[in-house]
Amino acid sequence: MEPIKYVDALNNKYGSMGFPPYQWSENDTAPWTPLTKPLTECTVALLVSGGISHCTAAPFDPDARNDHRVDAIDPGEAMDQYQIHDSYYDHADADRDLNCLFPVDRLAELAELGEIGAVANRHWSGFMGRTYNRSKVLNESAPAFVEQLKADGVDLLIAIPA
Amino acid sequence: MGLVSRVVEESGIPTVNVSTGRDITALVRPPRSLFVNFPMGNTFGRAGDNVMQTKILRAALDFIVTAEEPGVLVDLPLKWDDDFVYFAGETTPEAVAKQMKK
């Protein structure tokens with residue numbers, strides 16, 4: 001099947017909810033950092049934007065605007081200790097098995113097999129959508145996030161938008 | 001999310017996005033993107049399908065090694081069993097009224 005046209009669908013949805021028009025980011029070029037060591041020596045972190053939080057923490061607000069929250073996710077914690085609060089995708093499957101969206105356990109298995117060097121000390125959940133103040137992402141919240149990755153010695157990041 | 005990947009990549013850490021929203025990803029243009037034509041929320045497959053989850057995760061890791069061109073977007077040749085539609089979320093009048101208060 002043809003890919004779903006999310007830009008049109010979300011523009012309609014936001015419009016129907018009285019949100020201001022959303023100006024999607026559009027880039028002609030992209031930055032680039034080559035991987036300089038083999039995967040078997042890399043520390044790998046995951047980042048997901050699907051409203052996943054620990055059940056002892058406040059839930060994410062699915063309809064927040066300009067929410068720059070990003071939570072650390074302990075890879076050693078049982079994945080059934082997490083909750084999902086997001087109304088922009090169907091998380092019925094992910095509620096039963098977080099790995100179908102956020103494959104924390106599968107990554108741990110690849111580390112066990114030696115296919116990657118290590119799982120990072122922390123994974124990440126945040127950067128939900130509907131961010132109208134995008135310069136704050138570029139200048140503040142994303143750079144602050146980078147500092148956390150560097151503190152953990154992360155060699156590569158797998159980002160999962162939802 | 002794509003914007004965050006761009007900032008992370010610029011800071012010297014390679015990134016790969018695994019996306020179920022092809023049009024959004026094509027606009028934002030993260031450094032490396034794999035498109036999986038599965039429902040949003042099922043990026044790595046179905047609940048309990050560990051084999052598929054691992055397959056897509058491995059594809060993402062391999063892509064970090066093999067991708068050569070900044071902004072590259074590759075379609076993973078995987079097919080979801082059934083057709084699916086845009087998930088409109090909660091559209092009851094009560095849910096919409098709650099959302100519009102924000």
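Throughout, read-outs are computed from the coordinates displayed, never taken from laboratory work. Here the structure is a predicted model, which means the values were calculated and not measured. Note: ideal-geometry Cβ built from the backbone for every residue, glycine included; neighbour counts use all protein chains shown.
For region A:5-36, the set of residues classified as loosely packed, with under 11 Cβ neighbours inside 10 Å, over 16 Å from residue B:9 (Cβ atoms) and more than 8 Å from every other protein chain (Cβ to nearest Cβ) consists of A:20, A:21, A:23, listed by residue number. So which residues in region A:1-31 are among the polar types (S, T, N, Q), more than 30 Å from residue B:77 (Cβ to Cβ) and in a loop (DSSP other than H, G, I, E, B), if there are any at all? Selection gives A:23 alone. On the stretch given as region B:17-51, residues that are closer than 19 Å to residue A:34 by Cβ, facing chain A (nearest Cβ under 7 Å) and buried (at least 24 other Cβ atoms within 10 Å of the Cβ) total 3.
Residues in region A:125-162 that are under 22 Å from residue A:21 (Cα atoms) and either buried (at least 23 other Cβ atoms within 10 Å of the Cβ) or in contact with a helix residue (DSSP H, G or I) (Cβ under 7 Å, 6 or more places away or on another chain) (or both): A:127, A:128, A:131, A:134, A:137, A:138, A:161, A:162.
Hey, could you check region A:64-122 for residues that are basic (Lys, Arg) and within 10 Å of chain B (Cβ to nearest Cβ) and say which is nearest to residue A:41 (Cα to Cα)? Per the stated criteria, the residue is A:106.
Among what's in region B:59-78 and is at the interface with chain A (Cβ under 7 Å from one of its Cβ atoms) and part of a helix (DSSP H, G or I), pick the residue that is surrounded by the most Cβ atoms within 10 Å (Cβ to Cβ). Only one residue fits best here, namely B:60.
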